[in-house]
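Student: Can you keep this structure in mind? I'll have questions shortly.
The values are calculated or read from the model by the stated rules, or taken from the named source; none is laboratory data. Predicted model, so just to flag it, every value in this text is computed and none were measured. Here Cβ is always computed from backbone atoms with ideal geometry, including for glycine, and neighbour counts include all displayed protein chains.
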Amino acid sequence: MKKNVLFVFVGFFLLGLSAALKADAQGFDYGSDPEECKKNYSLYKEYYEQKDYDDAYPYWKKTVEICPKLTKFLYKHGANILEHRIKNAKDDAAKAALIDSLMWNYDTWIANFGEDGGIYGDKGVDAYKNDKLDIAHEALKKSIELDGNDATANPINYYFFSVRDKVKNGSLDTTEIFDAYDVLTPIIDHRLNTVEEKYKKYYEAAKTNIENTFIPFATCEVIVKIFGKRIKENPSDGELMKKTLRLMEIKSCQDEPMYGDVAKKLYALEPSAEAAAAIARKELKAENIDECIKYYNEAIKLQTNDEEKAQLYYELAQVYYAKKKAYADARTYAQKAIATRSGWGKPYLLIGDLYFYTSGSCGDNPCSKKYGIWAAEDKYIQAKSVDPSVAEDANSKIGKCRAQYPPKQECFFHNVKEGESVSVGCWIGETTKVRF
């Protein structure tokens with residue numbers, strides 16, 4: 001039995017040695033002791049390919065010592081071997097030593113094969129996961145600098161986390177998180193426009209993580225101070241202005257004078273839906289309603305994204321309702337929002353509100369003045385049927401409608417019977433069912 005095991009092992013060894021010898025023709029550097037290098041390389045590879053990382057470790061380590069320039073895979077495999085041993089370390093001291101070995105593995109890789117953004121990225125991610133924050137930050141920063149627009153999602157993600165953590169522990173100034181945000185978001189946007197569809201989810205996740213991590217640091221005062229200075233230094237940077245407006249909207253900084261100023265500068269530089277919408281919202285705050293409506297219409301004209309366009313229609317409908325008391329116009333824009341974005345309940349709720357609050361002026365007797373209440377309820381029911389997310393709000397409004405139902409005797413003298421169809425008067429012009 002032992003003889004058979006020996007033959008099998010020798011067979012594996014010879015096969016591995018044969019492969020290693022063939023590799024010689026590929027320009028592998030076997031160092032100062034080629035035979036010893038090939039022997040240890042072959043042994044570690046056999047164990048490695050069987051995922052026996054513990055037995056592979058001593059032969060891998062010896063291979064690195066003898067022939068550190070053999071192949072890049074030596075270090076890729078080394079990272080996997082060391083990660084396995086870190087995970088299974090018996091005590092903190094052993095784990096700490098292995099983490100140091102993992103960092104040494106990456107440094108040796110770079111020393112022998114040159115600087116590479118991907119290697120720095122892997123080193124940084126592993127350092128971060130193993131609580132080596134300073135090492136992680138430096139390695140990930142280097143990775144982003146080297147790879148630029150070709151940076152991969154993991155280093156992008158963890159670099160921002162490292163900046164956040166160093167800002168929190170006081171080893172970096174708060175402005176560093178804004179600098180990192182400025183550097184990373186254009187890279188992510190570039191990657192989302194260039195990578196294959198199957199990889200986009202990783203960059204979308206990184207973008208979400210970065211935005212969620214960044215937002216708590218961004219007060220209106222800090223945004224005005226930092227981004228205002230950057231815009232002053234770069235007055236023709238449209239992308240910077242767009243980013244500033246988006247951030248100010250996320251943090252509800254539309255009351256800041258800078259918000260309107262940046263919007264107008266951006267619109268003058270390159271008329272866009274985003275800039276026009278920002279101006280419209282600023283004019284609304286200033287109660288310049290005609291200017292507000294003008295820029296909403298400009299934004300709608302320029303917007304190509306249906307969901308964003310529907311939002312603009314909806315906001316304009318609210319302006320006509322609340323500021324102009326032009327109920328028919330408000331309904332028109334709410335209907336355009338519905339037509340542009342299917343399955344959205346809010347515009348139906350808005351139309352319901354229009355009917356509910358004007359019902360009393362759309363009838364000539366106590367009974368007909370309630371027709372609009374029934375029509376409003378129809379819209380609230382429709383809202384939650386197309387969009388379950390608004391069901392709670394819709395049900396609350398339906399409750400208010402039912403509390404306004406007329407008593408049967410109030411409509412009896414007008415020959416109005418329960419369940420029949422009636423036409424709501426004045427601007428509403430809807431057909432609805434009688435309810436008592």
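Student: Identify all residues within the range 261-279 that are surrounded by 15 or more Cβ atoms within 10 Å (Cβ to Cβ) and within 26 Å of the chain's Cα centre (by Cα); write none if there are none.
Tutor: VAL262, ALA263, LEU266, TYR267, SER272, ALA273, GLU274, ALA275, ALA276, ALA277, ALA278, ILE279
Student: I'm told ALA286 meets every condition in (1) within 27 Å of TYR259 (Cα to Cα); (2) surrounded by fewer than 21 Cβ atoms within 10 Å (Cβ to Cβ); (3) modelled with pLDDT of 95 or more; (4) of a type outside the set (Lys, Arg) except one. Can you identify the failing condition by its number?
Tutor: Result: ALA286 fails condition (3) only.
Student: For the range 345-354, check the following and say yes or no: at least one residue is within 24 Å of SER396 (Cα to Cα) and touching a Gly at 6+ places or on another chain (Cβ under 6 Å).
Tutor: Let us first name the residues in the range 345-354 that are within 24 Å of SER396 (Cα to Cα), namely 345-354.
With touching a Gly at 6+ places or on another chain (Cβ under 6 Å) added as a condition, the list becomes none.
Checking the range 345-354: not a single residue is within 24 Å of SER396 (Cα to Cα) and touching a Gly at 6+ places or on another chain (Cβ under 6 Å).
Student: Mind checking which helices (runs of 4 or more DSSP H) fall wholly inside the range 21-110 and carry at least 3 residues that are of a type in the set (Lys, Arg), free of Cβ contacts under 8 Å to residues at least 40 places away in the same chain and farther than 29 Å from ASP134 by Cβ? Before you say what the answer is, go through the steps one by one.
Tutor: On the way: elements: 34-49, 53-66, 73-87.
Ranges flagged: 34-49.
Student: Have a look at LYS408, LYS433 and point out the one that is in contact with a strand residue (DSSP E or B) (Cβ under 9 Å, 6 or more places away or on another chain) and not β-branched (Val, Ile, Thr). Explain how you work it out, then say what you get.
Tutor: Details: LYS408 fails: in contact with a strand residue (DSSP E or B) (Cβ under 9 Å, 6 or more places away or on another chain).
Being in contact with a strand residue (DSSP E or B) (Cβ under 9 Å, 6 or more places away or on another chain) and not β-branched (Val, Ile, Thr) holds for just one of LYS408, LYS433, which is LYS433.
Student: Within the range 302-314, is there a residue that is more than 28 Å from the chain's Cα centre (by Cα), part of a helix (DSSP H, G or I) and crowded, with 20+ Cβ neighbours inside 10 Å? Give the steps one after another, and end with the answer.
Tutor: Kept after step one, since they are more than 28 Å from the chain's Cα centre (by Cα), are these residues of the range 302-314: none.
Checked against the condition, which is being more than 28 Å from the chain's Cα centre (by Cα), part of a helix (DSSP H, G or I) and crowded, with 20+ Cβ neighbours inside 10 Å, the range 302-314 yields no hits at all.
Student: Which of the numbered conditions does LYS200 fail, given that it passes all the others? Conditions: (1) modelled with pLDDT under 90; (2) touching a helix residue (DSSP H, G or I) at 6+ places or on another chain (Cβ under 8 Å); (3) closer than 27 Å to LYS142 by Cβ; (4) among the charged types (D, E, K, R).
Tutor: Single failed check for LYS200: (1).
Student: Let me ask something else about it. Does LYS95 meet the test of being over 30 Å from LYS242 (Cα atoms), at pLDDT 95 or above and assigned by TED's automatic domain parsing to the domain that holds THR63? Outline the logic, then answer.
Tutor: Values: over 30 Å from LYS242 (Cα atoms): yes; at pLDDT 95 or above: yes; assigned by TED's automatic domain parsing to the domain that holds THR63: yes.
For LYS95, the condition - over 30 Å from LYS242 (Cα atoms), at pLDDT 95 or above and assigned by TED's automatic domain parsing to the domain that holds THR63 - is met.
Student: Further, regarding this structure: Being more than 15 Å from ASP147 (Cβ to Cβ) and among the charged types (D, E, K, R) is the filter here, so list the residues in the range 190-218 that pass it. Lay out the reasoning, then the answer.
Tutor: As a first pass, look at the range 190-218 and keep what is more than 15 Å from ASP147 (Cβ to Cβ): 192-193, 196-198, 200-201, 204-205, 207-218.
Scanning the range 190-218 gives GLU196, GLU197, LYS198, LYS200, LYS201, GLU204, LYS207, GLU211.
Student: Scan the range 338-361 and tell me whether some residue there is among the hydrophobic types (A, V, I, L, M, F, W, C), touching a residue at least 40 places away in the same chain (Cβ under 8 Å) and touching a strand residue (DSSP E or B) at 6+ places or on another chain (Cβ under 8 Å).
Tutor: no
Student: Has the range 37-45 got at least one residue that is in contact with a Lys or Arg (Cβ under 6 Å, 6 or more places away or on another chain), buried (at least 17 other Cβ atoms within 10 Å of the Cβ), at pLDDT 95 or above and closer than 26 Å to ASP107 by Cβ? Reasoning before the result, please.
Tutor: Taking the range 37-45 and keeping what is in contact with a Lys or Arg (Cβ under 6 Å, 6 or more places away or on another chain), we get 40.
Retained after the next criterion (residues that are buried (at least 17 other Cβ atoms within 10 Å of the Cβ)): 40.
If we keep only those that are at pLDDT 95 or above as well, we get 40.
Next cut, closer than 26 Å to ASP107 by Cβ only: 40.
Within the range 37-45 (the criterion being in contact with a Lys or Arg (Cβ under 6 Å, 6 or more places away or on another chain), buried (at least 17 other Cβ atoms within 10 Å of the Cβ), at pLDDT 95 or above and closer than 26 Å to ASP107 by Cβ), the answer is yes, since at least one residue qualifies.
Student: If you check TRP104, TRP109, which single one turns out to be out of contact with any Ser or Thr (no Cβ under 7 Å at 6 or more places or on another chain) and crowded, with 17+ Cβ neighbours inside 10 Å?
Tutor: Working: TRP104 fails: crowded, with 17+ Cβ neighbours inside 10 Å.
None of the other options fit; the residue is TRP109.
Student: Which of (1) part of a loop (DSSP other than H, G, I, E, B); (2) within 48 Å of the chain's Cα centre (by Cα); (3) of a type in the set (A, V, I, L, M, F, W, C) does PHE436 not meet, given it meets every other one?
Tutor: With (1) part of a loop (DSSP other than H, G, I, E, B); (2) within 48 Å of the chain's Cα centre (by Cα); (3) of a type in the set (A, V, I, L, M, F, W, C) applied to PHE436, the lone miss is (2).
Student: Now a separate question. Applying the selection to the range 243-260, what residues are surrounded by 15 or more Cβ atoms within 10 Å (Cβ to Cβ) and β-branched (Val, Ile, Thr)?
Tutor: Listed by number, the list holds a single entry, THR244.
Student: Given the options LYS232, LYS243, name the one that is assigned to a helix (DSSP H, G or I) and touching a residue at least 60 places away in the same chain (Cβ under 8 Å).
Tutor: LYS243
Student: Go through the range 343-376 and give me each residue that's farther than 18 Å from TRP427 by Cβ and modelled with pLDDT of 95 or more.
Tutor: Passing the criteria: GLY343, TRP344, GLY345, LYS346, LEU349.
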